[in-house]
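The values are calculated or read from the model by the stated rules, or taken from the named source; none is laboratory data. Just so you know, these numbers come straight off a predicted model, no measurement behind them. Cβ placement follows ideal geometry from the backbone for every residue including glycine, while neighbour counts extend to all protein chains displayed.
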Amino acid sequence: MKKKPRRKSNKSSIKQKLFRDRNISGLEAHHREGKTLRTPLNKLPGGVQNPHSWTDECIPNVLWACILASQLERSEYLALFRHVDINAKECLTRPDDNFITHNYLSLLDRESFKTIFAQVLTNERACKALSALRLLDCLPDKGHWAECIPAPSADEGWQTLAAAVSDTFDHQSEKSTDIRWLKLMYLLISGRVNVAEALMPRIEEFRLFPDKGDMRQVRPSIRAFEIAFRDFEFGDTKIDGISLPPNHGPEFWVEMKTKTQCIMVKEFEPPQRAPRELAQEVADVMRKLQDHFIETSVTTAPDPRHDGSFGLALYAISLLLNLSTGFHHGTVEGRIVLRSVVEALITLTYLAKKDEQGLWSQYRRYGSGQAKLAFLKNIREKETPAFVDLKLIERLANEDMWMEFQDIHVGNWANLTLRGMAQDGGVKDVYDKHYDWASGYAHGQWICVRDAVFVNCVNPLHRFHRIPGVPIATMPSVLPDACSLVNRILETLNKLYPSFKARIKWHNRTDVSHSAGVSSDSSPAEPNT
C-alpha cells in the first residue's frame, strides 16, 4: 500500500531562522485573483470580514486578565483564571449566554460578580494589581471593581496598566495566549460551544493546559478557536434578553491618550559616513570601465549595443560612487538609489540575454522619445522646473536623429513589466529580493513613508502609535547590496565585451557589517539634536 505524500508545510519555505516559528501563510499559500494575492483566510466560506482586533478591542475588554497575567506568576494567574471560569459556570443561571469580559460582567448583579471573582478578590497581590482598573472611566463594569478592590496609587496604577498592555500587545505571546485560553475555556465549559467527537483529544489538551500536549500545536489551536467566537464576545451574535453596552475599546484608547503622554526615545544612532577605501575602490573600477569602453569601441556612429551596455554599467557604478562618498547609503535616498541600480541590472541582463540588435535599438529609441516628450511638454509652459535644462534636453533628443522623425512610445520600452524582464533575463532573484521594498521608497508607498519619517511612541497605553521621528536616523546600509549588484552588472558586461575582470571586493571583507554596511574605520555624523 502506497503511503500518502506528506503535505508540505508553509514553514518549509521559510529559510530565515528568526521567522520559522511564525504562524503565517507563505506566498505559495495565497491564491491570485487578477492583480490581488488573496490570503488563505479569505478562502473560508464568507471570508474573514473585519475581524475584531485583539489590540484595539479585546485587550480593553479583558483588561482585568491582562493585569493579572502581567503582575502575577504564571502558575498563580492560570489558577485564578480556572477559578473564574468554574465559578461563572456554576453561579450563573444562563452561563452559555454570559462571558467573563468587561462588557458581560457589567450585566451581573453585585453578588454574582463577587462569587465569580471570589478567589481573585481574596488574593492580596491580585487585588493590589487590579486596583489600577479604578483609574479608568470607560469600563462598563467599573462599579463592580470600585466596590470590590482598594483605591489605587496613581503612579503605580498607570505603570500597572502600561505593563499589562505591553505584556499582552502581541496576540501570539504566551500571556496573550493564556488569556485567550481563559476565554475559550469559559465558552467550552459553559456549553456555548459544542465540539465534535473527533476534537475531544484536543479539548482535553485545552482542559489540562499548559501541562498536556505539544504546545507548538496546542497554542495555535487555542488562538484559532478563540478568534472564531469574537462575534459572541462583542454582541454581533444576538442573544435574547441580553443587551450589551457599546464596545468601549475606542473609548479606552482615547482615555489612555488623554490621560498619559507620548514617550519618544531620544537616543538614536547617527548615520555613518561610507568608508573612504570603498569610494577609492569604486572610483578605480569605474576608471577601468571607462578605459574598457574606449578599448572596445569600434565606431563613432551610434552603437546601441556598445553604448547601451556600457552606459547602464557606468550609470550603476556612478550611483554606487555617489553612495560611497557620504551618508546617504543609510538613509531613504540610499534605497531610492538602490532601486535604480536594480533596474539597471534587470535592463542590462534582459538586453544581454536576448542580444538582438533591434532590441538594443528599441531601448535607445525609447530613451530619445522620452527626451522629446519632456521637451515638448515643458516648452508649453511659461515656467519650467529649476532642474530642467531645456537646451540640454533638446540636444539629447536630437542627438541620434532630428526629433521630428521620432515617435514617442509611452509604454514600457520592451512591452514588458520589469518583473517580466527580470524573468526573461534570468535575474528574477534580484527582483524578488530587492525591488519590492526599495521601490516603495521611490513611489512614496505608505509603509515606506511610515518607516522613513515615523517612530513608535514607546508608551504602551498609546498602542505604540506612530509619531514623527528624527529624519537622519540610520537605516540598514544599502552598500553591500549595491556592491554585489554592480558586480553582477560587470559580469554581464564582461560576457558582452570581454575581457573585463575588475570587481568591487570591499563588501566581502570580514570586518564589514552587512546589517550596517560600514567598516570599523567609518566615522559617524554629528547628531543633530
Every residue in segment 148-172 that is more than 14 Å from Val458 (Cα to Cα), of a type in the set (Asp, Glu) and either buried (at least 18 other Cβ atoms within 10 Å of the Cβ) or in contact with a Ser or Thr (Cβ under 7 Å, 6 or more places away or on another chain) (or both), please. Asp170
Just one of Ile408, Ile393 is surrounded by 18 or more Cβ atoms within 10 Å (Cβ to Cβ), within 26 Å of Asn378 (Cβ to Cβ) and either at pLDDT 95 or above or touching a strand residue (DSSP E or B) at 6+ places or on another chain (Cβ under 6 Å) (or both); which is it? Ile393
Give me the residue from segment 492-509 that is among the polar types (S, T, N, Q) and more than 22 Å from Ala422 (Cβ to Cβ) and, out of that set, surrounded by the fewest Cβ atoms within 10 Å (Cβ to Cβ). Ser499
Filter result (part of a helix (DSSP H, G or I) and polar (S, T, N, Q)) within segment 188-226: Gln217, Ser221
Being assigned by TED's automatic domain parsing to the domain that holds Tyr77, among the basic types (Lys, Arg) and in contact with a Ser or Thr (Cβ under 6 Å, 6 or more places away or on another chain): is that true of Lys142 here? no
May I ask you to verify whether Ser112 is out of contact with any His (no Cβ under 8 Å at 6 or more places or on another chain) and under 20 Å from Glu233 (Cβ atoms)? yes
State whether the residues of segment 361-368 include one that is among the aromatic types (Phe, Trp, Tyr) and touching an Asp or Glu at 6+ places or on another chain (Cβ under 7 Å). no
Sort out which residues of segment 441-461 are touching a helix residue (DSSP H, G or I) at 6+ places or on another chain (Cβ under 6 Å) and either buried (at least 19 other Cβ atoms within 10 Å of the Cβ) or without any contact (Cβ under 8 Å) to a residue 24 or more places away in the chain (or both), and write them in order of number. Tyr441, Cys448, Pro460, Leu461
Could you list, in sequence order, the residues of segment 185-215 that are in contact (Cβ under 8 Å) with a residue 24 or more places away in the chain and farther than 27 Å from Leu244 by Cβ? Phe209, Pro210
Is it true that Ala129 is buried (at least 23 other Cβ atoms within 10 Å of the Cβ), of a type in the set (Gly, Ala, Ser) and either touching a Phe, Trp or Tyr at 6+ places or on another chain (Cβ under 9 Å) or modelled with pLDDT of 95 or more (or both)? yes
